[in-house]
Amino acid sequence: MNGPFDLTGKVACVTGANSGIGRAVAEALAQAGADVALVARSGADETRATIAAMGRRVAVIGADLSSAEPAARIVEETVAFGGRIDILVNNAGTIRRADAVDFTEADWDAVMDVNLKSAFFLAQAAGRRMIAQGAGKIVNIASLLSFQGGIRVASYTASKSGLAGLTRLLACEWAGKGVNVNAIAPGYFVTNNTAALVADTARYEAILARIPAGRWGEPGQLGGAAVFLSSSAADYVHGVVLPVDGGWMAR
Ligand code: NAP
């Protein structure tokens with residue numbers, strides 16, 4: 001692969017890489033030429049095997065992102081693996097569903113700690129390296145609830161709206177230092193994260209009816225956007241939250 005989307009020689013770190021969108025993004029970056037450090041609570045065996053079969057270098061870094069404590073270690077282990085860190089994809093995320101009047105502090109903290117706090121401290125740790133290198137790409141996985149309110153997901157909406165703001169803040173601070181910070185806002189994709197929606201036939205159909213493309217997304221359909229924002233093709237792209245949503249936001 002040649003040209004502005006080529007990631008040959010780049011070293012990427014992808015969180016939540018064992019399943020769903022994180023797995024698809026890690027594989028897309030490897031397909032474009034990157035070596036990839038996979039951050040996962042479990043072994044991420046399938047992602048690792050797929051990337052190794054492409055002939056790329058791949059490592060698994062074990063970490064629980066419910067606290068910010070592993071952030072510095074993850075970046076250090078990525079650099080130990082690849083010699084540098086060129087790309088960070090903050091993908092790990094979780095969700096809790098309850099009516100706002102019943103929402104607990106535990107469900108608030110569980111989501112904010114993974115989706116926002118860890119994402120920030122990982123970006124900080126990676127950003128320090130990238131600023132020293134004079135180059136780097138950070139891609140945050142946001143959500144349509146970075147733009148919209150949603151329902152019964154108070155901490156998720158707060159975290160993803162916060163992540164969009166953080167993307168813009170970091171872009172403003174680091175754009176002049178050669179570091180691009182952007183986000184992808186996936187629409188409705190079939191993954192573990194949306195299993196409760198898919199199982200609720202009425203809700204599934206209601207969502208489907210609003211998607212101009214007429215279908216839910218498959219994780220692999222996010223790969224192109226992740227490669228773009230991780231590549232030199234996006235060198236002058238800073239602080240955007242790019243919907244990949246079958247046209248949902250256009251409606
Ligand atoms: P998923 O398959 O459930 O992936 C979530 C990933 O985050 C998993 O790898 C999970 O690891 C990891 N994770 C959660 N809590 C963690 C923790 N405490 N420490 C370390 N890793 C943790 O669902 P997904 O849809 O691919 O979600 C990926 C990202 O996309 C999330 O940020 C989500 O909010 C976002 N997103 C998804 C959709 C959609 O329609 N699916 C839409 C918008 C945004 P385990 O497997 O170990 O739990």
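The values are calculated or read from the model by the stated rules, or taken from the named source; none is laboratory data. Here the structure is a predicted model, which means the values were calculated and not measured. Here Cβ is always computed from backbone atoms with ideal geometry, including for glycine, and neighbour counts include all displayed protein chains. Note: accessible area is taken over every heavy atom of the protein model, side chains too, but ligands, DNA and RNA are not part of it. Shrake-Rupley method; radii C 1.70, N 1.55, O 1.52, S 1.80 Å.
Residues in segment 42-73 that are closer than 12 Å to Thr15 by Cβ, assigned to a loop (DSSP other than H, G, I, E, B) and open to solvent by less than 50 Å² (accessible area, probe 1.4 Å): Ala44, Ala63, Leu65, Pro70. Determine the pairs where a residue that is under 17 Å from Leu242 (Cα atoms), located within segment 171-182, has a partner that is surrounded by fewer than 15 Cβ atoms within 10 Å (Cβ to Cβ) and at pLDDT 95 or above with Cβ atoms under 8 Å apart, the partner being 6 or more residues away or on another chain. Cβ pairs passing all conditions: Asn180/Asp235.
Would you be able to say whether some residue in segment 74-85 is more than 25 Å from Ala234 (Cβ to Cβ) and either buried (at least 23 other Cβ atoms within 10 Å of the Cβ) or away from the ligand (no atom under 16 Å from the Cβ) (or both)? Yes; the residues of segment 74-85 include at least one that is more than 25 Å from Ala234 (Cβ to Cβ) and either buried (at least 23 other Cβ atoms within 10 Å of the Cβ) or away from the ligand (no atom under 16 Å from the Cβ) (or both). Summed over segment 212-223, the residues that are farther than 14 Å from Gly20 by Cα, open to solvent by 70 Å² or more (accessible area, probe 1.4 Å) and within 14 Å of the ligand (Cβ to nearest atom) give a count of 1. Residue count for segment 94-141 satisfying the condition of being more than 30 Å from Phe228 (Cα to Cα), part of a helix (DSSP H, G or I) and within 16 Å of the ligand (Cβ to nearest atom): 5.
Scanning segment 195-211 for residues that are near the ligand (Cβ under 10 Å from one of its atoms) and touching a helix residue (DSSP H, G or I) at 6+ places or on another chain (Cβ under 9 Å) turns up Leu197, Val198, Ile207.
Looking across segment 22-35 at every residue that is open to solvent by less than 30 Å² (accessible area, probe 1.4 Å) and within 14 Å of the ligand (Cβ to nearest atom), the one that is farthest from Pro70 (Cα to Cα) is identified as Ala28. Scanning segment 173-195 for residues that are out of contact with any His (no Cβ under 8 Å at 6 or more places or on another chain), hydrophobic (A, V, I, L, M, F, W, C) and not in a strand (DSSP E or B) yields Trp174, Val190, Ala195. Gly178 meets each of the listed conditions (1) open to solvent by less than 20 Å² (accessible area, probe 1.4 Å); (2) under 23 Å from Gly224 (Cα atoms) apart from (1). Among the residues of segment 90-134, those identified as open to solvent by 40 Å² or more (accessible area, probe 1.4 Å), out of contact with any strand residue (DSSP E or B) (no Cβ under 8 Å at 6 or more places or on another chain) and of a type in the set (Val, Ile, Thr) are Val101, Thr104.
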